[in-house]
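Just below is one structure, and these are the notes that go with it.
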Amino acid sequence: MSNDETTRGTTQQPSHDHSVGYGKPPEQTKFKKGRSGNPAGRPKGSRNLKTLINRELNTTITIEQAGKKRKIRRKDALVKSLVNDALKGRDRPRDKVFDYVDRAETLEDCGPTQSELAERDAQILERFFNRKSKLEG
């Protein structure tokens, strides 16, 4: 029998200064200092799909509009193209435009406005200072 075979079947005895139990794993199974718990995980600097798409949509392209060349973001060019297709009478682009408009209007309608928030904040601060002054005086 080789050395590897004799040590393979034996169990290591825990050291006397470290007890094993609930919340106290054996030393050999703990994460080692300076070593990642997921060494094959996401590499540093890699980007997710949302980041990649946003980066591409925010780059500029040159278009010709009314005989003049303009630089616009690709995102804006897609919207222009979608709206132009809808205006030409194509059904799917038209439905998409109406869907986007409906969603945008719904988002604008939900939630308090900036002035309503400022008013609520002022009321909260007033109550706070009133309570504080009662406690102090």
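The values are calculated or read from the model by the stated rules, or taken from the named source; none is laboratory data. In this text the structure is predicted, and so the values were computed from the model without any measurement. Cβ placement follows ideal geometry from the backbone for every residue including glycine, while neighbour counts extend to all protein chains displayed.
Residue check, GLU56 against (1) in contact with a strand residue (DSSP E or B) (Cβ under 6 Å, 6 or more places away or on another chain); (2) in a helix (DSSP H, G or I), all met but one. Which one?
(1)
Is the range 31-52 home to any residue that is touching a Gly at 6+ places or on another chain (Cβ under 8 Å) and over 30 Å from SER81 (Cβ atoms)?
yes
Checking the conditions here, which among PRO93, PRO39 is without any contact (Cβ under 8 Å) to a residue 24 or more places away in the chain and part of a loop (DSSP other than H, G, I, E, B)?
The unique qualifying residue is PRO39.
For ARG92, state whether it is under 30 Å from GLU64 (Cα atoms) and out of contact with any helix residue (DSSP H, G or I) (no Cβ under 7 Å at 6 or more places or on another chain).
Taking the combined requirement at face value, the residue satisfies it.
Please find, among ARG92, ARG73, ARG103, the residue that is of a type outside the set (Gly, Ala, Ser), within 29 Å of the chain's Cα centre (by Cα), at pLDDT 85 or above and loosely packed, with under 11 Cβ neighbours inside 10 Å.
After ruling out the rest, the residue left standing is ARG103.
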